[in-house]
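Please read the structure below before turning to the comments.
Bear in mind these aren't lab numbers, they're just calculated from the coordinates by the rules spelled out. Every value quoted in this text rests on a predicted model; they were computed, and no experiment measured them. Every residue, glycine among them, receives a Cβ derived from its backbone with ideal geometry; neighbour counts consider all protein chains shown.
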Amino acid sequence: MTTRVIALDLDGTLLTPQKTFLPSSLEALMRAKEAGYKLIIVTGRHHVAIHPFYQALALDTPAICCNGTYLYDYHAKKVLEADPMPVPKALQLIEMLNEYDIHGLMYVDDAMLYERPTGHVIRMSQWAQTLPQAQRPVFTQVGSLSQAAQEVNAVWKFALTDENISKLQDFALNVGETLALECEWSWQDQVDVARHGNSKGKRLTQWVESQGWSMQDVVAFGDNQNDISMLEAAGTGVAMGNAVEEVKARANVVIGENTEDSIAQFIYSHLL
């Protein structure tokens, strides 16, 4: 039997706005596993922020985190492959963030660091408090991101947010041009900044080929701009109905929204 892979983005795709699985999606994915499919999470999230989802899916595959910046083995609790941001680049970005007064959440080692709480940090922290202690992601307030960046082992990415979307768009363009960093939108008011060349599609392709499989045997689900590389690299790229138009235009198939039984229906009608 040809090995088949289902690659899954989380926020806006597999997860509802309440950060939960639809029962229909979970059941369909469990049936796909029983039929021989390999499931892999490909997310913009830090590995510490996907514990409940990884465990609910009972996965044995590594997770692709921070938009392809690294591959994480949950069972061995270690990073398998990574392309973190060089510290000098991180320091330059932090300097620009301070100059433009834009909030940056810095993803490092096993935590997410911030200087001042904003809406995004507050919402994520509140969600974290609803989880069992062992599943809670670590959010830590620090006095200086610059100092922290020089003390950690790895800087995975920055998640940038601002109430002024136009300001954030201009800043992302400026960062991409002046610092040669990868800027991808992961939510309507969040742009992720990582090392140049990192992408979900690149890391997924590397992992699939390392297993001796082909990307033609991959079905990938996504909804935002940081998913485009993955949808285009997969044999079948599936965009959610709530996806931004640019993503829909680059996908092979467009299904219903993440609040509907869309993923389950696709699995039953096309994969099983």
- request: Could you rank the peptides 137-148, 51-62 by their average count of other C-beta atoms within 10 Å per residue, with the highest value first?
  value: 51-62, 137-148
query: By a straight-distance test (C-alpha under 16 Å), which lysines pair with LYS89 as possible cross-link partners, with residues fewer than eight away in the same chain excluded?
result: LYS157
- request: Grab the beta carbon distance between GLN92 and ARG123, set R0 = 45 Å, and tell me the FRET efficiency rounded to 0.05.
  value: 0.95
Positive-end residue of VAL175, GLN133, LEU105, charge dipole of segment 87-194 with Cβ unit charges: GLN133
query: For helix 87-100, what angle does its Cα long axis make with the longest principal axis of the chain, in degrees from 0 to 90 and rounded to 10?
result: 70
FRET efficiency, 1/(1 + (r/R0)^6) with R0 30 Å, evaluated for SER24 and LEU131 via beta carbons: 0.85
- prompt: Under a point spin-label approximation (7 Å from Cα along Cα-to-Cβ), what is the ASP170-GLU245 distance to one decimal in nm?
  reply: 2.4
field: Dipole moment magnitude, nearest 20 debye, the chain about Cα centre, only Lys, Arg, Asp, Glu C-beta charged
entry: 700
- prompt: Which FRET efficiency, nearest 0.05, do GLU99 and ASN153 yield, Cβ-Cβ r, R0 35 Å?
  reply: 0.85
- request: Would you mind computing, in nm to one decimal, how far apart the modelled labels at ALA111 and GLN211 are, each placed 7 Å from Cα along Cα→Cβ?
  value: 3.4
field: Rounded to 10°, Cα long-axis angle of helix 23-34 versus longest principal axis of the chain
entry: 70
query: segment 32-127: percent of C-alpha pairs farther apart than 16 Å?
result: 63
message: Multiplying the sequence separation of ASP60 and ALA35 by 0.36 nm and subtracting their Cα-Cα distance, what value in nm do you get?
response: 7.5 nm
statement: For the chain, the longest principal axis of the Cα atoms and the Cα long axis of helix 200-210 enclose an angle in degrees, to the nearest 10, of 50
- request: State the extension gain, in nm to one decimal, for the chain segment bounded by HIS196 and ALA180, taking 0.36 nm per residue of separation less the distance between their alpha-carbons.
  value: 5.1 nm
task: Holding the Cα-Cα limit at 21 Å, pick out from LYS167/LYS200; LYS38/LYS200; LYS19/LYS167; LYS33/LYS78 the pairs that are longer than that.
output: LYS167/LYS200; LYS19/LYS167; LYS33/LYS78
